[in-house]
Amino acid sequence: MFYVALTGGIASGKSTVCRLLEEKGAHLLDSDLLAREVVRRGTPAWREIVDHFGREILTPEGEIDRAKLGKIVFSHPEEREFLNRVTHPRIFQLMGERLKELEEGTGGEGVVILDIPLLVEAGAGNLFHLNLVVDAPEEEQVRRLVEDRGLSPEEAWARIRSQASREERLRCADLVITNDGSLEKLRREVDRAWEEIELRSRAGDGKGRRGG
């Protein structure tokens with residue numbers, strides 16, 4: 001299998017790109033869904049997080065309230081570092097397990113897109129055959145966060161600045177999809193990237209190895 005790590009800043013359009021790549025036949029593994037799984041109520045990560053932040057970050061059902069926790073960690077870098085230390089190793093362990101299941105189920109054929117928003121922050125840029133970065137101007141990210149997610153401009157900038165910089169992501173990129181216009185323009189960008197991914201996959205051209 002050929003493993004492509006897809007990353008990008010918040011509100012850069014990663015989810016849309018993943019959907020378009022799935023339509024082309026790629027397998028998708030979403031690290032955000034894995035992150036939700038590793039912090040489910042009663043898991044070891046859940047207990048560590050609740051012990052550290054207190055039960056006020058929980059929903060009435062006892063699950064972690066991501067919005068409440070997000071307000072804390074996006075405002076306090078040391079708390080974000082703690083959360084990453086608790087969750088990142090478990091997310092990558094679970095990712096490895098799911099990739100093994102996928103390999104067994106497909107006979108090891110095809111392209112796998114791993115949606116990893118914090119690829120650079122996790123230091124995982126060399127684990128995969130190819131790194132695909134979805135890039136958008138920061139001003140466009142802010143606009144989307146304000147208009148689509150209801151954040152204030154200050155909250156939007158805080159979330160952007162809590163992540164790796166645009167320049168850091170672009171430095172780790174093997175391919176870049178620019179998302180600064182219409183959906184039709186984005187489709188053309190995805191078409192171009194998919195052609196390159198297929199070409200490299202057939203040639204066995206990749207700098208990394210399977211994740212996990």
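Where a number appears in this text, it was derived from the coordinates with a stated rule and is not lab data. Quick caveat: nothing in here was measured; it's all calculated off a predicted structure. Counting neighbours? That spans all protein chains shown, and the Cβs are built from the backbone with ideal geometry, glycine included.
Structure above, values below:
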read-out	value
Residue order, fewest to most beta carbons within 10 Å, for His52, His27	His52, His27
Between 0 and 90°, nearest 10: helix 183-203 axis offset from the chain longest Cα axis	60 degrees
Sequence of Lys71, Lys14 once ranked by neighbouring C-beta atoms within 10 Å, starting from the fewest	Lys71, Lys14
Candidates Ile177, Ile57, Ile116, ranked by Gaussian network fluctuation over the chain, Cα under 10 Å, top entry	Ile57
Within the chain, percent of DSSP bridges classed antiparallel, to nearest 5	5 percent
Reach of Lys185 by Cα under 24 Å, taken over lysines that are not fewer than 8 positions away in the same chain	Lys14, Lys24
Neighbour-count order for Glu48, Glu189, fewest beta carbons within 10 angstrom listed first	Glu48, Glu189
Potential lengthening between Asn84 and Arg187 on full extension [0.36 nm per residue; Cα-Cα distance subtracted]	33.8 nm
Cut-off 15 Å (backbone N to label point 7 Å along Cα→Cβ of Leu28), residues of region 88-132	111-117
Eligible aspartates and glutamates near Lys68 by straight Cα distance, threshold 12 Å, same-chain separation 8 or greater	Glu56
Efficiency of FRET from Cβ geometry, Thr16 and Glu56, R₀ 22 Å, rounded to 0.05	0.05
Computed [θ] at 222 nm, helices only, for the chain once each DSSP H run of length n ≥ 4 contributes -39500 (n - 2.57)	-17000 deg cm²/dmol
Arg161-Ser75 pseudo-label distance in nm [points 7 Å out on the Cα-to-Cβ vector]	1.5 nm
Cα shape, the chain, gyration tensor, a/c 1.5 rule	oblate
Point-to-point label distance, Cys172-Arg41, nm (Cα→Cβ direction, 7 Å offset)	3.4 nm
Whole-angstrom gap from region 69-133 to region 166-207, using each part's C-alpha centre	19 Å
